[in-house]
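Report on one structure; see the data block that follows.
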């Protein structure tokens, strides 16, 4: 199984289309009305040379956001490996000085659900062959597993998916550009408002 470095992937994917206290007030959400709708990234080959690929879909509506990620074993997005869905609230909306036309985007995850599509993925996540089970194991093929209340402390990638993220976004026509989060511990790792992303991804998601 490929080494799963989910957080770096999700930081680019979900927040290219997506307060620690939950939904923002109505005036802030009014300023973010341009986000409302569904933003998709079509099939894209992974850059690590694995031969795998992925696609994503993110839907914003009035302070709620649902991100769906699909991973495939081939470069054409035809052979399912797994999917996960991250349900969150969002707020922000203030302009940022680091990127012209960009706004703040603060996301608070609420629910994380995984669905593994192959026997190999199930075996790997359940910790066979001496591996540590992912978030306690107990995965069943083609069955949703809610990791929201699971102790994922033994897997830093998963635990980060359930932590608030502070980034930026910019919309140009029907294309949505998200902020690029730096490595953990960096000045722009998106872990706090003071470490918010400052630059935009060059790849965009599309609405229509």
**Count of the stretch 141-156 residues which are assigned to a loop (DSSP other than H, G, I, E, B), crowded, with 18+ Cβ neighbours inside 10 Å and modelled with pLDDT of 85 or more** = 1
**Request:** Take residue 123 and decide whether it is at pLDDT 90 or above and either part of a loop (DSSP other than H, G, I, E, B) or in contact with a strand residue (DSSP E or B) (Cβ under 9 Å, 6 or more places away or on another chain) (or both).
**Result:** no
**Message:** Could you tell me how many of the residues in the stretch 70-93 are farther than 29 Å from residue 30 by Cβ, surrounded by 21 or more Cβ atoms within 10 Å (Cβ to Cβ) and within 14 Å of the chain's Cα centre (by Cα)?
**Reply:** 2
**Message:** Quick test for you: out of 159, 191, pick the one residue that is modelled with pLDDT of 90 or more, over 16 Å from residue 58 (Cα atoms), within 15 Å of the chain's Cα centre (by Cα) and not in a strand (DSSP E or B).
**Reply:** 191
**Message:** Among the residues that make up the stretch 180-193, is at least one of them at positive phi and in contact with a helix residue (DSSP H, G or I) (Cβ under 7 Å, 6 or more places away or on another chain)?
**Reply:** yes
**Asked** Is there a residue in the stretch 143-150 that is within 30 Å of residue 27 (Cβ to Cβ) and touching a strand residue (DSSP E or B) at 6+ places or on another chain (Cβ under 6 Å)?
**Response** yes
**Message:** If residue 167 meets every condition in (1) touching a strand residue (DSSP E or B) at 6+ places or on another chain (Cβ under 7 Å); (2) assigned to a loop (DSSP other than H, G, I, E, B) apart from one, which number is that one?
**Reply:** (2)
**Item:** Selection status of residue 79, modelled with pLDDT of 95 or more and over 20 Å from residue 195 (Cα atoms)
**Value:** yes
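The values are calculated or read from the model by the stated rules, or taken from the named source; none is laboratory data. As the structure is a prediction and not an experimental result, all values here were calculated from the model. Virtual Cβ from ideal backbone geometry, glycine too; neighbours counted across all protein chains shown.
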